[in-house]
């Protein structure tokens, strides 16, 4: 998840540069009138954002899948998550390489005057990438659901876990919206329509980080609250009680100057169950010994009944 954080930070920085220097949101004809080189900058930015979005979105899904592997002990769940993790890795490598190979040479992405240069179908690439991302979003949501509903707990808790892990549907909805927008994207008006693309590119991995961290937020908040309370709580020493005449007196443990710690090698700890068994055996042995009648005067031990 740390790698995903770093990638998202760089992605957000690129988005800010696009909004400020790249004039994202303005129609391309108007932007070119202000700065004729703005198109070259946005075409370079498109390549950078593509790489960062693919990496950050993939890293978020990988982190969630790895969390499932560590959390759930079921063999079928581990196998399914390992298979998904491998598929995510292969897909990330393939799309990462495709970003550099869709236009050859790479500089043809922003300089279409290079002789002999060519580009593939951007529209088909982004559509396929978005559909694959939506499928992985859906599997990340569905995978833990059968385990939650097979647990021996109340229906309310099962619903709570389902809602908690089901918040990934927000990411799924964002991905579906991006698929629909890709169908309407106009590459001839890159600065205008590119603003929405960058918005989706930042929103999806950011929500992935939030959803991936939700299961551990509550324990972290509880632990932090306990630490804060222990820092600001009034200091008090625990009390011990001892009888004094007819009254019971309570004194702080700090006042017990004559107390000392028992050395473990002198007073070893023993298993309670073993001690109980030994005590029972000793009592039974003593009882059997006490039940033997004493010898009479002149009686041989073998003659005793």
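Laboratory data are not the source of any read-out in this text; all were calculated from the coordinates shown. None of the values given here were measured: they were computed from a predicted structure. Reconstructed Cβ throughout: ideal geometry from the backbone, glycine too, with neighbour counts over all protein chains shown.
Derived from the Cα gyration tensor, the three semi-axes of the equivalent ellipsoid of segment 160-226 are 34, 13, 5 Å, largest first. Taken along the Cα-to-beta-carbon direction at a fixed 7 Å, the label points for residue 76 and residue 114 span 5.1 nm. A full extension of the chain between residue 90 and residue 9 corresponds to an added length of 26.8 nm, given 0.36 nm per residue minus the alpha carbon distance.
Panel note: the C-alpha atoms of segment 2-215, placed on their principal axes, show extents of 66, 31, 29 Å (largest first). With viscosity 1.567 mPa s and temperature 4 °C, the Kirkwood radius over alpha carbon pairs of segment 9-106 converts through Stokes-Einstein to a diffusion coefficient of 82 µm²/s. For residue 229 and residue 152, the FRET efficiency from 1/(1 + (r/R0)^6), where r spans their Cβ atoms and R0 equals 41 Å, is about 0.80.
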